[in-house]
Amino acid sequence: MCLLLGASGVGKTLLVGTDLTDIVVPSKITIRELGGCMSPIWPSYYGNCHSLLFMVDAANPTQLSASCVQLLGLLSAEGLAEASVLILFNKTDLPCYMTVEEMKSLIRLPDIIACAKQNISTAEISAHKGTGLAGVLHWLQDTRRTDS
């Protein structure tokens, strides 16, 4: 199981729809999207999670600190200690988006990666235009292979 998490309005539903989505790329990968408003119950889904997609809205700088707090909570969760993590910087198709370098600097991502138990990767995407989604599929496939 792969969880797709992030704050409300970051574009998770646009990426996979609501609730469960199965992607078949040699083998089946189930992605469960949980809305940002459901964050209090996210821990009840950690048990079957082998990989985590965490989405950040690159066009909403006021939400970045809240997303960082959510990410830190996820990375410190015991149930996700073994999960591989892909941070998706979404909405890069909008003219007002922050660069990935700016966002990484603002949330101190190098420090987070250095202290995290999980293997963390990043991707710049546009769920609306489909930009970068091939890389996400490759990451899911590679993560699936290492979990098997």
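Quick note: the coordinates plus some simple rules give every number you see, no bench work behind them. It should be emphasised that the depicted structure is a prediction, and the values quoted were computed from it without experimental measurement.
Stretching the chain fully between Glu82 and His128 yields a gain of 13.5 nm (0.36 nm per residue, less the alpha carbon separation). Full extension of the chain between Arg108 and Tyr45 yields a length gain of 20.0 nm, computed as 0.36 nm times the residue separation minus the alpha carbon distance. In terms of Cα atoms, the Rg and Dmax of the range 21-134 work out to 14.2, 39 Å. You can think of it this way: the chain between Met1 and Cys115 has 38.6 nm of extra reach, that is 0.36 nm per residue less the Cα-Cα gap.
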